[in-house]
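The block underneath contains the structure these notes are about, expressed in structure tokens.
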Amino acid sequence: MLPALAAVVVALCAVVAGLAVGYRVAGIGVPLGALSVLALACSVAVRRNRPLARRRLGFYTPEELAELDTQGLALAVSRMLRRDGWRVLPSRRSEARVRVRARDGHGRRLEVAFRPVAEPLPDEDVPSRPGRPGGPGPPLRLVVHRGAFTRRDVQWARRQGGVRLIDGSCLRRWAHGTPLNELGDSS
């Protein structure tokens, strides 16, 4: 740690000394030129890293959502849940399917399943139930799909109770910044 700090201090002193010599030799143009180069470099660095920072905060563009596979979509949903105040729980290694589990500050639980385009209906899957009881009532279940749900899917969700369908349009609004609790159901 100390050698790195010493290297940074030496580099900063060298830059300041170079600017002082440049000022004495050529005048005010050297420090102003250095400041403009620094401002340009900072703006380029911020613009290059902005999408990454935005995604880490849980904001995605429709194009970014379209490029994600199921694992990437699970990561995006986890980040969006964190943005909305949910605490995302670690995934279980034993599960064959990608799922996200979360809990909010009130103890409510949430399970998120992902449905790619060519997958069977959710009622053809065995629903996962958490091993530990806790929180008020059964968990809210979300089924996230980048496409549109069929009428049969909507009827299935109504029969199940406690299931919300998040289709492509809801997912894009959620990724743009609308909180989960303000999204309407896809039904």
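Rolled with a 1.4 Å probe across the full set of protein chains, the surface gives residue 172 an accessible area near 110 Å².
Name the GluC sites (Glu not before Pro) in region 44-95 that are in a loop by DSSP and that have at most 10 other C-beta atoms within 10 Å, would you? Can you show the working numbers first?
Values: sites: 63, 64, 67, 95; in loops: 95.
Those satisfying the criteria are 95.
Compute the Cα gyration tensor for region 56-99, then decide on rounded, prolate or oblate, letting a ≥ b ≥ c be the square roots of its eigenvalues: rounded whenever a/c is under 1.5, prolate when a/b is larger than b/c in the other cases, and oblate in all that remain. Verdict is oblate for region 56-99. Heavy-atom accessible area for residue 69, with the other protein chains in place and a 1.4 Å probe, reaches approximately 90 Å². Once label points are set 7 Å from the Cα along Cα→Cβ at both residue 140 and residue 42, what is their separation, rounded to one decimal in nm? Going from the residue 140 label point to the residue 42 one covers 4.1 nm.
Apply the a/c threshold of 1.5 to the C-alpha gyration tensor of region 141-182 and tell me whether it is rounded, prolate or oblate. Oblate is the answer for region 141-182, as a/c is 1.5 or above yet b/c matches or exceeds a/b.
Classify region 10-101 as rounded, prolate or oblate, taking a ≥ b ≥ c as the square roots of the eigenvalues of its Cα gyration tensor: rounded when a/c is under 1.5, otherwise prolate if a/b is larger than b/c and oblate if not. Prolate, because a/c is 1.5 or more and a/b exceeds b/c.
The values are calculated or read from the model by the stated rules, or taken from the named source; none is laboratory data. Values in this document were obtained by computation on a predicted structure and should not be read as measured data. Methodologically, a virtual Cβ is constructed for each residue, glycine included, from the backbone with ideal geometry; neighbour enumeration extends over all protein chains shown. Just so you know, the surface numbers come from the protein's heavy atoms only, side chains and all, with ligands and any DNA or RNA stripped out. Shrake-Rupley method; radii C 1.70, N 1.55, O 1.52, S 1.80 Å.
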